[in-house]
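Working notes for the structure below.
Read-outs throughout are calculated quantities, based only on the coordinates presented, and are distinct from any laboratory measurement. Just so it is clear, the model here is predicted, and its values are computed rather than measured. Methodologically, a virtual Cβ is constructed for each residue, glycine included, from the backbone with ideal geometry; neighbour enumeration extends over all protein chains shown.
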Amino acid sequence: MLSGARLSEPMAVRAIESRRYPRLFPPTERSWAVESGKRQLMYILGIHTGHDAGACLFADDTLLAFCKEERLNRIKNDGGFFRLQSVDEVLRIAGIGRQQVDAVAFTRMKFPVSCFRITTLPFRDVRRKVFGQQRDRSLGGLIIRHGNLDASRFLDFGKLRECMGLRADAALHFSNHHRAHVLSSLRYCDWSDDVLLVSCDGGGDAAHYSAYLYARKELRQIWGGEETLLGQPQNPAASIGLAYAFATSLCGFKPNRHEGKLTGLAAFGEPRVAAQIADLFAVDSEGRIDSPLAGTKAQHTALRQLFQGLSSADIAASIQAATEQVIVAWLQSLLARHPARYIAMSGGVFSNVRLNQLVAALPGIEEVFIFPAMGDEGLPVGACVDYWIATQGLARLTRDRLRHLYFGWPYTGEDLLGAGERLGFRVDRSPGHVERTARLLADNQVGAIFHGGMEMGPRALGARSILASPARREVNDSINKRLQRTEFMPFAPYVLDVDAERVYDVDARNRYACRFMTITTRVRAEWADRIPAVVHVDGTARPQIVERASNPLYYDVLAAFKRVTGLPTLVNTSFNAHEEPIINTPEEALQALADNRIDFLVCDRGMVFPAGS
């Protein structure tokens, strides 16, 4: 592999404080360079160490940096340990050190055994602490065991600050898993009233579901709060997220990673046992979900029996249809008791883009939003928002819309081209790279865009995206072969904001969600046959709507392609090979080019081609 070069610390400062990267901080957002000259900012560091571990950094209630651990250590969905590289990465992006952090917002995750109070630890962990073994222990597990939410009873805050290199007065905050999910979506929807906020996933803090209502400037919990840690855990057998993960495993895929494959595979099967699965999940008039079964083992036994003899496609179709039925029934029950015009969603179950399409179609719903880092990787964001609300009050929380997700290290086009020259690639700095990119794509070559900071969340959205023409269905198979992928869904498309409604079934309900590729829509009939590479067998696609202000290069490439071909959309698939995280650095992008994953690279300063081409 090519070695990974890193930029110097002062570059991070200049990236934040100058206007060198206007695409990362559009004019509609706060300029922290100006704000910092007026008053002292509060830097809040968010951390989650479970699966999909990562970190983020806020200045007051505005997100500055985000990094998922897998993007640094190159281990897909990695987590389960305390010492994260991503913590130092988000600080590097913002140009500050640990001593400048004012507060750290954690989930109730794993912490080093050495930071726990010895009297609260099980005997095996006491021995580890006494003998200095560097092992991690779950705070959440101890809270459940002792029925006490006070983290200071279990953790020695002084030792934890020292372990992390923080100031002695740095505040420490511990956020509920599902509340963090919900608050991540609350922060980035600007609806003033009648908002239903829901989260659903495989489980966290002894819960699988939560629901809140935002109305009359107040946030009210409906279900799924701290009570689950204090003796009222939700029944794991009632978790549709765990059921979907189990079906994923039965189909030969990895749970907590490949559920999206089942979503695509479902269109090729028949939902033969969907009704029987849905019967295992009872939705009551209070908006709660339970099951006649008790525990995960009972759920898995029942599902295994229902799935016996079915093909993988029929298993996928059955669990997909059942999930849709259960979640829609849950939301309808909640809405009957708590009328709302808007729905904000978070948690891993809402990575299901087909489900989200049905939610947007519910009667009376005017708009939906899915937090783009909807899985556990998004928990650090919600934890920081939770701390801000806890200390400053809900009324002081800024609630505006996300304009972009480019919160990684702000690499420049020169970083890519310079690395390409050093490593012997053919670099082209001549003008006209946008038009040339469009013509190469029209000629059915496969390129990749490398632009600024990598995206927050699981989707490639124009910073680390592979691009191709949508005109031929066969491009899916050829790209998947080059990337060593096996997929059942077509590639997702992206479309210019001015063309979105005429190509896809986009309206006020789903347009915001479509900015981040978190929902499927119907493809309009007059376009379906012209862009087959991005249309699924059920007639839907998962489009990304792009505005030029957020990513001029990405926008201009498609605009040029449209001029050349008449087609208003391009393939966008994530820039990574099978089972690899999306690439981050210029060197990783160049390695993909060297490995023939793509034909060329484009950035805002030029293009890179294989050596000798």
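Using the structure shown, list the pairs from Lys76/Lys110; Lys261/Lys562; Lys76/Lys254; Lys110/Lys297; Lys68/Lys254 with a Cα-Cα distance above 21 Å, or answer none.
Lys261/Lys562; Lys110/Lys297
Just tell me, in residue order, which DSSP H segments of the chain are both 24 angstrom or longer along the helix axis (alpha-carbon based) and at least 0.0 in mean Kyte-Doolittle hydropathy.
312-337
Lys/Arg Cβ at +1, Asp/Glu Cβ at -1, dipole of the chain taken about the Cα centre: which of Ser185, Ala170, Leu379 is farthest positive-ward?
After comparing all options, I get Ala170.
Hey, what did the chain get for relative contact order, percent, Cα under 8 Å, at least 6 apart?
Worked out over the chain, it gives 15 percent.
Would you list the P(r) distribution for region 55-154, with all Cα-Cα distances sorted into 10 Å bins from 0 and each bin expressed as a whole %?
14, 37, 33, 16, 1
Below 8 Å, C-alpha to C-alpha, sequence gap of six or more: please give me the relative contact order for region 413-609 in percent.
With pairs under 8 Å counted, the relative contact order is 36 percent.
Consider just the alpha-carbon atoms of the chain and return their Rg together with their Dmax, both in angstrom.
23.8, 71
Could you give the dipole magnitude of region 413-609 about its Cα centre, charging the beta-carbon of Lys and Arg +1 and that of Asp and Glu -1, in debye to the nearest 20?
320 debye
For region 453-535, compute Rh as the Kirkwood radius over C-alpha pairs and then the Stokes-Einstein diffusion coefficient at 10 °C and 1.306 mPa s; write the answer in µm²/s, rounded to an integer.
Translational diffusion coefficient: 114 µm²/s.
Taking neighbour counts of Cβ atoms within 10 Å as a proxy for exposure, in what order, fewest first, do Met345, Met42, Met607, Met164 appear?
Met42, Met164, Met607, Met345
With the cut-off at 1.5 for a/c, could you classify region 189-370 from its C-alpha gyration tensor as rounded, prolate or oblate?
Taking the square roots of the gyration eigenvalues as a ≥ b ≥ c, region 189-370 is prolate.
What ranking do Val427, Val602 get, fewest neighbouring Cβ atoms within 10 angstrom at the top?
Lowest to highest Cβ neighbour count: Val427, Val602.
For a footprinting-style exposure proxy, rank His48, His404, His338 by other Cβ within 10 Å, fewest first.
His338, His404, His48
Can you give the FRET efficiency to the nearest 0.05 for His146 and Asp595, using r as the Cβ-Cβ distance and R₀ = 51 Å?
0.50
Quick one: which residues, 5 or more positions from Ile370 or on another chain, have an amide H under 5 Å from its amide H? H modelled 1.01 Å from N in the peptide plane, none for Pro or chain starts.
So Ile370 has HN proximity to Met345.
Work out from phi, with θ = phi - 60° and the Karplus expression 6.51 cos²θ - 1.76 cosθ + 1.60, the ³J(HN,Hα) of each residue of region 520-536, listed in order in whole Hz, and give x for Gly and Pro.
Running phi through 6.51 cos²θ - 1.76 cosθ + 1.60 with θ = phi - 60° gives 9, 9, 5, 8, 5, 4, 5, 10, 4, 6, 8, 10, x, 5, 10, 10, 6 Hz.
Two decimals is fine: what is log10 I(q)/I(0) at q = 0.07, 0.14, 0.16 Å⁻¹ for region 413-609, from a Debye sum with one equal scatterer on every Cα and no solvent?
Scattering profile of region 413-609, log10 relative to I(0): -0.18, -0.73, -0.97.
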